[in-house]
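The values are calculated or read from the model by the stated rules, or taken from the named source; none is laboratory data. Nothing here was measured: the structure is a model prediction, and the numbers come from that model. Counting neighbours? That spans all protein chains shown, and the Cβs are built from the backbone with ideal geometry, glycine included. Note: accessible area is taken over every heavy atom of the protein model, side chains too, but ligands, DNA and RNA are not part of it. Shrake-Rupley method; radii C 1.70, N 1.55, O 1.52, S 1.80 Å.
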Amino acid sequence: MIASSIIRAFEKDLREHLLACGKAQLDYQNCKTGKKYTLRLREGGQPIHGEADALGFIDLAEVCEQNADQIGIELDDIGYIAAFARDFKALRNDVAHSRNVTSEELTRMQQSITYIYNRSHKGGGGVRFSISGSLIKKGFVPSSEDLQAYATSAEAQAQQAALRRRNQVNLAQSNRVAATLLDYYAGGDKPRPGDTCYASYQTATGTRRLLTFASRECWNRVFIDSPPAQIRSGYIDPEMVPLPESGPTRHTPHRIKMGRYDLLDLGPYCLRSVETYADGLQLNFSEMPFFTWCDRYSDLEDEYVSQIPALLDEDKVPTNADLPLREQFLPHLESVFDSASRLTAGGVVVLTVIPIDEAASDALLLIEQRSTEVADGQGLLTTIPRGFHDRFASSHKDYDLEQTVMREVAEEVFNKSGLHKGEVDTEAYFDACPPVADLRRSGAYTLRPSSFGFDLLKGNYTVTYLLLVQDCTWWPRFRQYQGMNYEFSMSGGSKSVLLSDTLRLERLMGRPDWTTEGYVAFIEGLRQLPQTFEQAGLNALAYRAREVAELLPTLHWTSPDDAFWR
């Protein structure tokens, strides 16, 4: 597979070569942002880059192509670089969410990069491209041979065994795993916000479920005092307010197994700040480089999961030395919540509820099991859709959380792939998915946030939602489009359930093999469902939802000082 990190590996050389060769002043307007740049590339024989440093490599390639007569570099080279930039962007968009890159495409891209690299060094020195261990550690995407080598390594085998052990726990063992992480953050004099609280659930019979889900009382209050709460999205331009310093890049070995993720650097949104209002919250976002975040935080779950067999089978509590990544990047609750000082990724997890026929005789709740090809929560239950909050086409247009919810509906419910032919228009993407296009045009749905907090296992922010389709003709008209993508396992069949199947719903409530945020989305979505049905005029379904609501466990938010889990 090809990685956008490969481009970045040579970007500095290419940029310097393009900029240093320019002989004139150029005017350029970025078609996406509308910003105008005046590029004084060379004056008096000396390079003067000016505002050129604000542009990316693809922008520079476009500048050079559009002003070939003024640039002191061979026209063929300019065209080749620009064509490569377009091809890479088109390939990235085409395969972003649905398929792997073929070996032929990989070879073609490698040859292009090697050619450009050699030309940028004026033909000096051949460059041999080999995707192997040393390059993997530098952030290059592994080949199929490298993936196979990793899969058979002792480290990978141990990690897979730990994942299987995690996924086979009973509720008491699940609570032990959660309690150990809660202890890690509550112990000693570790700093934290004063109103930090942990989530747990308790059934009518006294059975308690511990979760590694943390929030703040001021955030939770908006869901209690003024339901339905609102969560608004804001955008902060990282050029105006720079992202937090992240330190030198590092690469951890567990990412090797997630090769397909290195195809994407679409840029997850970094949570910059949270504003609290009487009727809800506003979350403010900036785009950030995926790899910069990934190299610091994406292995936190793997690191903790690797300690589970010793914890459960040998009663060995992990020490700080066993969790070096957590000690370095997320050592205390203050660091978890301090989104102003760290790169903070996250996303949405949604309980989707759909009337199954025009008579609204029943409703379908979408629940699935995560596959082994995903970055986190492998093999665990979750509501769907769920996904990273990231930019898809435009940083300035895609920051609204509802955009991400609808995109994930298209991807995970209807297996809609990424944009084709290099298009960079999110509306075009939605229009190409008839079920989502119809839903957005009609507005016949309710989307309600049900909670907001951080999953301590990964350090990610999560907004959980209830999505109710109000149009009772929608599912009969579009169910033939349904198709799960690679993120979900179809082993044993779909886990989705009808609202009328209270016995199965009750069993799902008691299962220990849920993702943390998936369980919160499931229970809190069901809690909101009776009122949401009523407001939509679906009274028969509201009656069924009230029956289910009587089975729900009670949510408790408790201060870490109470040590309720011990």
Filtering region 442-481 down to residues that are at pLDDT 95 or above and among the hydroxyl-bearing types (S, T, Y) yields S442, Y445, T446, S450, S451, Y461, T462, T464, Y465, T473
Condition test on P227, is it surrounded by fewer than 19 Cβ atoms within 10 Å (Cβ to Cβ) and touching a helix residue (DSSP H, G or I) at 6+ places or on another chain (Cβ under 6 Å)?
-> no
Within the set of pairs 6+ apart or on separate chains, which have a first residue in region 542-566 that is in contact (Cβ under 8 Å) with a residue 40 or more places away in the chain and open to solvent by 30 Å² or more (accessible area, probe 1.4 Å), a second that is acidic (D, E) and in a helix (DSSP H, G or I), and C-beta atoms under 9 Å apart?
-> L551/E506; L555/E524; W557/E217; S559/E217; R566/D183
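Only one residue in G493, G459 is surrounded by fewer than 18 Cβ atoms within 10 Å (Cβ to Cβ) and on the phi > 0 side of the Ramachandran plot. Which one? It would help to see each step written out before you state the result.
Working: G459 fails: surrounded by fewer than 18 Cβ atoms within 10 Å (Cβ to Cβ).
Matching residue, one of G493, G459: G493.
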Between residues in region 509-534 that are within 24 Å of R166 (Cβ to Cβ) and residues that are β-branched (V, I, T) and part of a helix (DSSP H, G or I), which pairs lie under 8 Å by C-beta distance while being six or more apart or on different chains?
-> M509/I523
Has region 140-155 got at least one residue that is of a type outside the set (D, E, K, R), outside any loop (DSSP other than H, G, I, E, B), over 30 Å from F533 (Cα atoms) and modelled with pLDDT of 85 or more?
-> no
Output the residues belonging to region 305-319 that are under 27 Å from the mean Cα position of the chain (by Cα) and open to solvent by 10 Å² or more (accessible area, probe 1.4 Å).
-> S306, Q307
List pairs: first in region 310-327 and closer than 14 Å to A162 by Cα and among the acidic types (D, E), second in a helix (DSSP H, G or I) and open to solvent by 20 Å² or more (accessible area, probe 1.4 Å), Cβ under 8 Å, 6+ apart or cross-chain?
-> D313/R165
Quick one: is S361 among the small types (G, A, S) and either in a helix (DSSP H, G or I) or at pLDDT 95 or above (or both)?
-> yes
Kindly indicate whether L330 is of a type outside the set (D, E, K, R), in contact (Cβ under 8 Å) with a residue 24 or more places away in the chain and open to solvent by less than 10 Å² (accessible area, probe 1.4 Å).
-> yes
Out of T180, T276, T196, which single residue is more than 23 Å from the chain's Cα centre (by Cα), open to solvent by 50 Å² or more (accessible area, probe 1.4 Å) and at pLDDT 90 or above?
-> T276
Which numbered condition E427 misses (of (1) more than 27 Å from D189 (Cα to Cα); (2) surrounded by 20 or more Cβ atoms within 10 Å (Cβ to Cβ)) | (2)
